[in-house]
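Here's the structure, in structure tokens; my notes come after.
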Amino acid sequence: MGNGRIDSASRVILASPQTVYQAFLNPESLVSWLPPEGMSAHIDRFETRKGGRYRMTLTYELDQSSPGKTSENTDVSQGVFLALVPDRKIVWSIEFDSDDPAFSGEMIQTWYFEEISKGTKVTIVCENVPVGVRKEDHDEGLNSTLRNLATFTE
């Protein structure tokens, strides 16, 4: 079960909020930039609408210091799109498929897109982070994903 922990990361991306928002709407685009460095993704289900469901598998491509949440080298998650505010915000819930109670519970991930003179400030806020997710690993993963998003959209 989550412990109420909140993790966040942000980055300025040299692209418009519209471009950044659109990078989330297509599953083929999403799997190219969302996985942190050293991982790949596969999307099994993706309904981009409020209340729509998704299911995604992240696979570790390299040896990692700790096992995946679902299997030795995978993190399978599913959730619901809670809000889609064009060019401003995306909110989704995330639940990991895991037998380990340290990864149970619903994490809420909100992506904010703030237009600034140089592009878009993208901020990720993760609420109710499961206790099994080490903060330093999560911070590294969030920042890696933001770097990937910048590369994809700039």
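The set of residues in region 79-114 being within 14 Å of residue 50 (Cα to Cα) and in contact (Cβ under 8 Å) with a residue 60 or more places away in the chain consists of 86, 90. Remark: pairs (first residue in region 48-77, more than 15 Å from residue 106 (Cα to Cα); second residue at pLDDT below 55 and not aromatic (Phe, Trp, Tyr); Cβ separation under 7 Å; 6+ apart in sequence or on different chains) = 60/68; 74/68.
Every residue in region 30-81 that is among the polar types (S, T, N, Q), more than 24 Å from residue 150 (Cα to Cα) and modelled with pLDDT of 75 or more, please.
78
The values are calculated or read from the model by the stated rules, or taken from the named source; none is laboratory data. Note that the structure is predicted; figures quoted are calculated from it, not measured. Glycine gets a Cβ as well: all are built from the backbone with ideal geometry, and neighbour counts include every protein chain shown.
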